[in-house]
């Protein structure tokens, strides 16, 4: 729990790969009148996760930049679905060389038309995956994270990190998951995620969190596996 400089607007802080996102803890009845306090409380260009739609729109009107509209979801690991059996698929833990190996699948999975589209640069894709695997604020759970291997080649991953920063949301997080769309085998994504659930439960964890863009088709996979929406909000970068 972290307070903003203006203690009239307390917030939770979550640092990911060196960038701190603040989630103001707003009274649902506060209305857009808190916008001036928010702008005064933070440095320019600070990213906020805003859960009140009227505050979001007021911040945009004040010059803020609208980002992803997201769900924060959580799974109770007391009720874990059975692992699917998929011919031709092998799952294993994360290895250091996987960032570069998986870069082509990463780009293909977040291709044109995807709400979280990435560029075509393989080096940038590998660097992004390395940032996730080496983030000291959210350490990668290498034996829990699962890489999908088909015909000897890694083609997807469910990267699980441990985040202890947000009250009521601390614990393991599905920080990133994707699979190559060029592989015809179905349910690879679900298989990776369900395997991580079983490993987490065996390790004594009780809850599993994630954040997903509302228009990301993966949301349907998460709900089918038992993840439930706990918060909905919009990323807003404060104006200069």
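All of the numbers you see were taken from the coordinates with simple rules; none came from a lab. Nothing here was measured: the structure is a model prediction, and the numbers come from that model. Here the Cβ positions follow ideal geometry from the backbone for every residue, glycine too, while neighbour counts run over all protein chains shown.
For the chain, a Gaussian network of Cα nodes joined below 10 Å ranks 34, 229, 160 by mean-square fluctuation, and the top entry is 34. Among 216, 37, 168, the residue with the largest mean-square fluctuation in a Gaussian network model of the chain, with springs joining Cα atoms closer than 10 Å, is 168.
With springs only between Cα atoms under 10 Å apart, run a GNM on the chain and tell me which of 99, 13, 62 wobbles the most. Maximum among the listed residues: 62. Using a/c under 1.5 as the rounded threshold, could you call the range 61-105 rounded, prolate or oblate? The axes a ≥ b ≥ c are square roots of the C-alpha gyration tensor eigenvalues, and prolate needs a/b larger than b/c, oblate otherwise. It is oblate, given that a/c is not under 1.5 and a/b is not larger than b/c.
Normalising the average separation of contacting C-alpha pairs (under 8 angstrom, six or more residues apart) by the number of residues puts the relative contact order of the chain at 31 percent. With the cut-off at 1.5 for a/c, could you classify the range 75-229 from its C-alpha gyration tensor as rounded, prolate or oblate? Here the range 75-229 falls in the rounded category.
Only helical runs count toward this figure. For the chain, summing -39,500 (n - 2.57) over DSSP H runs of n ≥ 4 and dividing by all residues gives -7500 deg cm²/dmol at 222 nm.
Rounded to the nearest 0.05, the FRET efficiency derived from the C-beta distance between residue 27 and residue 221 at R0 = 41 Å is 0.75.
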